[in-house]
Structure formats: C-alpha cells, structure tokens
Amino acid sequence: MVLALLTACTAKEKLYQEQSYVFGTLVEVSIYGEDETRARQLVAHIFADFDRLHVDLHPWKPGALSHINEALAQPGTRVTASPEMVAVVRDAARLSEQSGGLFNPAIGKLVKLWGFHSDEFQPQLPGARGIDKLVAAHPAMSDVVVEGNEIYGRNAVVQLDFGGYAKGYALDLAAQYLKGEGVRNALINIGGNIMALGRHGDRPWRVGIQHPRKSSAIATLELHDGEAIGTSGDYQRYFIYEGRRYSHLIDPRSGWPVQGVQAATVVVPAQPGAGVLSDAASKPIFISGVDGWREAARTMGVDMAMLIDDQAVVHVTEALQRRIQFLEQGMEVKTVP
C-alpha cells in the first residue's frame, strides 16, 4: 500500500479532499487549485465511476464480470460484452503474456479455493489435491477468446479475477476524466495505488510507501506529473495458519500463496495506461521473489521497482533508489542496476 502524505495547508491553497470506500479499500481523491463546488462535482463523478467499476469488475458478486465467467465455465459459449469489458479483457491478456503468465487474471478459481472470494478469510488450507488439479488445467488468459464484442472460453477452469488490474484501471479512468475537465493538479489514491497529476501547489505530491509490518510508512518519494505507483503486499488480504502467513498473492505455477516476500512496489512514469501497469507489474515482481524480481521488472518494462523480502531486506533498483527516502535507520538495502 502507498500512503498519500499531505502537509497542512491554508484555505488559500484550495485543496479539496474526499474519501470513499470502493474496491474493498479506502479511496481518496485530492484536487488542488479548483473551486470547492466544482471540485466536489468532479469527485462525485469519479466516485460514481468507481462504484460502477466495483460492480462490473467484482470477482464474486453479480455483475458484468460474473456474467462473463458464467460463459467461460462452459467452453464455446459466447457472451456479448460491453466495449469497455472487451478492452479490459484484451489488455489484461496482453499484460499476462508480457509477464510470462505470472500476472494471470484467469486463476480466479484458485483465488476462490484459497478462500479469498469472501469478505472474511477463514484460517484454513485447501486440499493439495484440489490445488494441483486446478494448476494442472493451466488456466490462462490465452484461453479467453475475444471476437468483436463477443467473448468465449476454451478452458472450463478459467475464471477471471481482475483484483490485480481494477484499481489501476480506475486510476487511468479518473485521470483521463480530470484531464478532460481541465484539472491540472490532483492525486488519486485507491488503497495505495496512486496517480499524480501536476503538483500540490509549489511542490510535487509526496507519498509514503507502507511498511509491510507496521502501520507507518517505510519510505517516501515525490510523484511527478502523470506518474503512478503501486504496491503488492502480503499484509492486505491474508490469513495466518499454524504460524504461517498466507496472502491472496498466488503463484499460478504452484497454486500456493507466495512465501519469502513481504511487498513489491513499482513506480511507472507518465504514459498511457500508467495506472494499470503500476497495478499489474507489481504482481510478477512479487511472485518472482528475491532471485527473479529484477528480471520480472525488466520484462514488464519497469525501471523503478523495489522488493522487501521476508527478512525485511530491501532490494531496490538504482532508478528508484535515486528517488526514494527511507524513514528507518539501520535497514539493509541492496541496490541493483
């Protein structure tokens, strides 16, 4: 998770902030330099969009995605989807292919088997046989076929779960809307996935990166115009069983929650789809672990990345090291090109 750090300001600064609860997390939109009435209207539009996306992309409640999943469970059955859902499926498939399958929204049945398609997680392990059966079926985005506005599947085990995509997509949607409305300075924070527009007055927007084992930030950095930052952590959706932590971040190769990593963070420069990339790219980096995280970042086209392992050692790229300010003394930090 990433935290927005906003210092105290005067009324003259015209900083408008509003919070809501969407996508199962706290959402905050900050707009700088706009009249309060107009800012309130802009934020209301954004939250309405987020509420709609929350329904459309919800992984287990009725909505556009569940309708598609019903068809995918019956290979060859076609379902007509909205242009937006078609675009989301195509883009998620592209990112999955780029990641070598480590970012894999097709493993919704594995996520469900582990108990994460629920508002409350039960501290119990699924049977190894059930896990192995799903892994052996190789659910993949390549099993999802898009033809025009129709979608059908080729593998009954595929169930789409856009939990690693939806927040980033919402960031891009909100940023596009604000730019279209002439807003130059804003910060959109969806449970730690953040996009910055412009500046916070005479200074850049400054955000904090959540410490994976504390309620405070482990580091801060300034976000430039159009940049997005995202973190995947084992502290957001997890349960403890027999002293071991099991998070919702599942390795599609094994079917088991990733061990050995506490968090992975990426910063994506201004570009089309920066929000989505900041959300999706942190997953293969997290899953690849200490030995493979740097190559996973390269594969996703990310130069600014950081991984915190289960010993609290920080592994960070030189590009991000130059931007970040750590807040704790005595941390072990390993910098790589």
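The values are calculated or read from the model by the stated rules, or taken from the named source; none is laboratory data. Since we're looking at a predicted model, the values are computed, not measured. Glycine gets a Cβ as well: all are built from the backbone with ideal geometry, and neighbour counts include every protein chain shown. Side chains included, ligands, DNA and RNA excluded: accessible areas come from the protein's heavy atoms. Shrake-Rupley method; radii C 1.70, N 1.55, O 1.52, S 1.80 Å.
Brief remarks on what is shown
- Residue satisfying all of: in the range 77-110; under 22 Å from Asn149 (Cβ atoms) and of a type in the set (Ser, Thr, Tyr); farthest from the chain's Cα centre (by Cα) among these: Thr77
- The single condition among (1) within 19 Å of the chain's Cα centre (by Cα); (2) at pLDDT below 95; (3) among the hydroxyl-bearing types (Ser, Thr, Tyr) that Ser215 does not meet is (1).
- Condition check for Gln329: part of a loop (DSSP other than H, G, I, E, B), more than 19 Å from Gly168 (Cβ to Cβ), modelled with pLDDT of 95 or more and open to solvent by 60 Å² or more (accessible area, probe 1.4 Å): no
- When we screen Leu320, Leu307 for residues that are of a type in the set (A, V, I, L, M, F, W, C) and either at pLDDT below 95 or in a helix (DSSP H, G or I) (or both), the only hit is Leu320.
- If you check Ala140, Ala128 for being hydrophobic (A, V, I, L, M, F, W, C), open to solvent by 40 Å² or more (accessible area, probe 1.4 Å) and more than 21 Å from Glu28 (Cα to Cα), only one passes: Ala128.
- Counted residues, the range 277-305 - those being more than 12 Å from Leu95 (Cβ to Cβ) and touching a Phe, Trp or Tyr at 6+ places or on another chain (Cβ under 9 Å): 6
- Cβ-Cβ distances below 8 Å connect the following pairs, each with a first residue in the range 184-208 that is free of Cβ contacts under 8 Å to residues at least 60 places away in the same chain, a second residue that is in a loop (DSSP other than H, G, I, E, B) and crowded, with 23+ Cβ neighbours inside 10 Å, and a separation of six or more residues or different chains: Ala196/Glu227.
- Contacts under 7 angstrom Cβ, first residue in the range 287-298 being closer than 15 Å to Arg253 by Cα, partner surrounded by fewer than 16 Cβ atoms within 10 Å (Cβ to Cβ) and of a type in the set (Ser, Thr, Tyr), 6 or more apart: none
- When Gln176 is tested against (1) polar (S, T, N, Q); (2) open to solvent by 10 Å² or more (accessible area, probe 1.4 Å); (3) touching a strand residue (DSSP E or B) at 6+ places or on another chain (Cβ under 6 Å); (4) closer than 18 Å to Asp51 by Cα, only condition (3) is not met.
- Candidate set from the range 227-245 (those that are open to solvent by 20 Å² or more (accessible area, probe 1.4 Å) and among the hydroxyl-bearing types (Ser, Thr, Tyr)); member that is nearest to Ala297 (Cα to Cα): Tyr235
- Yes/no for Val290 being in contact with a Lys or Arg (Cβ under 8 Å, 6 or more places away or on another chain), at pLDDT 95 or above and farther than 19 Å from Gln98 by Cα: no
- For the range 24-75, filtering for residues that are open to solvent by 50 Å² or more (accessible area, probe 1.4 Å), in contact (Cβ under 8 Å) with a residue 12 or more places away in the chain and under 22 Å from Gly153 (Cα atoms) leaves 4.
- Test result for Val276, farther than 20 Å from Gln321 by Cβ, within 19 Å of the chain's Cα centre (by Cα), of a type in the set (A, V, I, L, M, F, W, C) and open to solvent by 10 Å² or more (accessible area, probe 1.4 Å): no
- Near pairs, Cβ below 9 angstrom, 6+ apart or cross-chain, from the range 230-254 (within 25 Å of Val27 (Cβ to Cβ)) to any residue that is open to solvent by 70 Å² or more (accessible area, probe 1.4 Å) and of a type in the set (S, T, N, Q): Asp234/Gln259; Phe239/Gln122; Phe239/Gln124
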